[in-house]
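First up is the structure itself, then whatever we jot down about it.
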Amino acid sequence: MDGFILTHAHERLEIPGQEQVDRFVPPYQPRQVLDPDDPVSIGAMVGPEAFTEVKYLAHARQEQALGLIPQISAAFAAEFGRACGGLVRPYRTEDAQTVVVALGSVLGTIKDTIDELRDAGMKIGALGITSFRPFPLEDVRAALSGAERVVVLEKALAVGIGGIVSANVRMALSGIALHGYTVIAGLGGRAITKASLRGLFARAAADNLEPLTFLDLDRGLVDQELRRMAERRRSGPAAENMLRDLGVVASRIG
């Protein structure tokens, strides 16, 4: 879902020189090439005799990457003078009672909101997940273990259970007693505003959130469609019905 935001936004870029890039990135030497004189099959299916082992190797390489990603991030910072990549990025989490976990473009808005709430006296911070796969279980656990509550704000919804990122965070926090909340936001490119986040984080700090919350959900609109479905004893077309109720033909970012 981040693609909708990233393709419609712009910001300044720091583009390093070609000499620096060549010094940092090794020469490109592909392992396979398309050669009519030496045909090969790439990505062919493996039978049950070795399929488990092939999948295990993919997992083992991800585990290896957990150690390599921080090393490469440190090398990048040394060469270019700025941070890039890594596994996680804490923001004002040192004494935070509430920590917001997120990834992607929404982190900028979250950080701005946190700065305002910090000025108002709230002990709140953020943890940006920079590497989702491999998922940095130990780093997430270390960053969140001192918090009283964790709010996972994500744009990914696993229908019927809740958040996808949240499931990974809960695994990292196994055995740690704290309040945990999942917030689904920004679906379909809906704007995530500072005003909405301020109210959300205030409710979280008071432990006044449901375990699964949909940010800026129009409950009245949903209830109206549920009543319509019950009366007709069939579902749909829900999207068309709700847009008609709203009096619009497409969503808008206001």
(message) What number do you get for region 198-237 when its Cα radius of gyration is normalised by 2.2 N^0.38 Å, N = residues?
(response) 1.64
(request) Return Glu94, Glu225 ranked ascending by Cβ neighbour count within 10 Å, so the fewest neighbours appear first. (result) Glu94, Glu225
(message) So for the chain, considering every pair of alpha-carbon atoms, how many percent are separated by more than 30 Å?
(response) 45 percent
(request) Could you pull the Cα extents of region 17-80 along its three principal axes, largest to smallest, in whole Å? (result) 46, 34, 9
(message) Of all beta bridges DSSP finds with both residues in the chain, what is the antiparallel percent, to the nearest 5?
(response) 25 percent
(request) Could you state the angle between the C-alpha long axis of helix 106-119 and the longest principal axis of the C-alpha atoms of the chain, as a value from 0 to 90 degrees rounded to the nearest 10? (result) 60 degrees
(request) Among DSSP beta bridges lying fully in region 21-156, give the percent that are antiparallel, nearest 5. (result) 30 percent
(request) Express in % the proportion of alpha carbon pairs of region 88-214 at distances exceeding 16 Å. (result) 57 percent
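Laboratory data are not the source of any read-out in this text; all were calculated from the coordinates shown. As the structure is a prediction and not an experimental result, all values here were calculated from the model. Cβ sites come from the backbone with ideal geometry, for glycine too, and all protein chains shown count toward neighbours.
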